[in-house]
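*Asks:* What follows is a single structure, and I will ask about it in a moment.
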Amino acid sequence: VVALRARPSEEEIVRVIDWGYATDGCPGMCLWFVCLTDGSAICFDEYVFSQTLPEQVCDEIKRRSAGMRVRYTTCDPQMATEHEGPSIMEHFARYGVSCVEADHNRVPGWLTFHQWLRETRHNGVSEYPRLRYLKHGCPLAIRTIPVMTVDPKKPEDIITTGVEDEAADCSRYFVMSRPGSSSLKAQPNPNT
């Protein structure tokens, strides 16, 4: 993480939010992915929250993102749903974290996620997966993603009842957003 934060002007960051408020079973999560120039990405930080208001969540996201070149933030499409008043996404925008709705299509999403995990890159010395997770920055993602189970009734999807699927969903939203490579010539986003 230190190496990534030492060069914020060189790599672009994509943040992904899966909203959750409940204390049991469905917390919210934000993951930070750095997009590297070779087209690979590293998830290097996670923030898990429950019973936390949007203003507090946004404050923590902005604090953790300080000095980073944030390309965009994508979020669970449920955050855009209006219920007789402002949506959660509107609350986030009011508190300084503007979001775009993620592509929620599950079957192509899991296929794309698997593709990112299986594809490799070469740096002249070693081979590594296109999508990686830092052990010390993403403990929940590292613990929960490998234990996701295929739904026997829908083999192209995963079981979502009674499981911690926030990190998997955030990762799916990330790859479906077509993040692309960082451009070293890109300018910082003033809306971070």
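The values are calculated or read from the model by the stated rules, or taken from the named source; none is laboratory data. No experiment lies behind these values; they were computed from the predicted model shown. In this analysis, Cβ positions are derived from the backbone assuming ideal geometry, glycine residues included, and neighbour counts consider all displayed protein chains. Surface accessibility is based on the protein's heavy atoms, side chains included, excluding ligands, DNA and RNA. Shrake-Rupley method; radii C 1.70, N 1.55, O 1.52, S 1.80 Å.
*Asks:* Looking at (1) open to solvent by 30 Å² or more (accessible area, probe 1.4 Å); (2) out of contact with any helix residue (DSSP H, G or I) (no Cβ under 8 Å at 6 or more places or on another chain), which one does Val70 not meet, given that it meets all the others?
*Replies:* Only one criterion in (1) open to solvent by 30 Å² or more (accessible area, probe 1.4 Å); (2) out of contact with any helix residue (DSSP H, G or I) (no Cβ under 8 Å at 6 or more places or on another chain) is unmet by Val70, namely (1).
*Asks:* From the list Arg121, Arg106, Arg94, which residue is among the basic types (Lys, Arg), closer than 26 Å to Arg69 by Cβ and open to solvent by less than 60 Å² (accessible area, probe 1.4 Å)?
*Replies:* Within the list Arg121, Arg106, Arg94, the selection yields Arg121.
*Asks:* Within the bounds of segment 59-71, is there any residue that is at pLDDT below 95 and among the acidic types (Asp, Glu)?
*Replies:* Scanning segment 59-71, I find no residue that is at pLDDT below 95 and among the acidic types (Asp, Glu), so the answer is no.
*Asks:* Select from segment 64-89 the residues that are of a type in the set (A, V, I, L, M, F, W, C) and within 26 Å of Ser181 (Cβ to Cβ) and list them in ascending order. So that I can check it myself, show each step before the final result.
*Replies:* Within segment 64-89, the subset of a type in the set (A, V, I, L, M, F, W, C) is 66, 68, 70, 75, 79-80, 88-89.
Correct list: Ala66, Met68, Val70, Cys75.
*Asks:* Six or more apart or on different chains, Cβ under 7 Å: which pairs go from a residue in segment 41-63 that's over 26 Å from Ser181 (Cα atoms) to one that's of a type in the set (Val, Ile, Thr) and open to solvent by 70 Å² or more (accessible area, probe 1.4 Å)? Could you list them?
*Replies:* Here the result reads Ser50/Thr23; Gln51/Thr23, each pair linking segment 41-63 to a residue that is of a type in the set (Val, Ile, Thr) and open to solvent by 70 Å² or more (accessible area, probe 1.4 Å).
*Asks:* Read through the list (1) open to solvent by less than 30 Å² (accessible area, probe 1.4 Å); (2) modelled with pLDDT of 95 or more; (3) out of contact with any helix residue (DSSP H, G or I) (no Cβ under 6 Å at 6 or more places or on another chain), then give the number of the only condition that Arg172 fails.
*Replies:* Looking at each condition in turn, Arg172 falls short on (3).
*Asks:* Looking at (1) polar (S, T, N, Q); (2) closer than 16 Å to Ile42 by Cβ; (3) open to solvent by less than 70 Å² (accessible area, probe 1.4 Å), which is the only condition Thr81 fails?
*Replies:* (2)
*Asks:* Scan the helices (runs of 4 or more DSSP H) fully inside segment 51-118 and keep the ones with 2 or more residues being within 24 Å of Arg132 (Cβ to Cβ). Steps first, answer last, please.
*Replies:* On the way: elements: 54-65, 88-94, 106-118.
Correct list: 54-65, 106-118.
*Asks:* What number goes with the only condition from (1) open to solvent by 30 Å² or more (accessible area, probe 1.4 Å); (2) modelled with pLDDT under 95; (3) acidic (Asp, Glu) that Glu101 does not pass?
*Replies:* (2)
*Asks:* Assuming Glu127 fulfils every condition listed in (1) closer than 28 Å to Pro146 by Cβ; (2) modelled with pLDDT of 95 or more; (3) out of contact with any helix residue (DSSP H, G or I) (no Cβ under 7 Å at 6 or more places or on another chain); (4) of a type in the set (D, E, K, R) apart from one, which condition is it?
*Replies:* (2)
*Asks:* Conditions first: (1) more than 22 Å from Ser181 (Cβ to Cβ); (2) surrounded by fewer than 19 Cβ atoms within 10 Å (Cβ to Cβ); (3) not charged (D, E, K, R). Met29 passes all but one, so which condition is the exception?
*Replies:* All conditions pass for Met29, except number (2).
*Asks:* Please work out if Val150 is more than 21 Å from Pro179 (Cα to Cα) and of a type outside the set (Phe, Trp, Tyr). Reasoning before the result, please.
*Replies:* Details: more than 21 Å from Pro179 (Cα to Cα): yes; of a type outside the set (Phe, Trp, Tyr): yes.
Criteria met by Val150.
*Asks:* Still on this structure: Sort out which residues of segment 124-166 are in a strand (DSSP E or B), closer than 19 Å to Val107 by Cβ and open to solvent by less than 70 Å² (accessible area, probe 1.4 Å), and write them in order of number.
*Replies:* Leu131, Asp151, Asp157, Ile158
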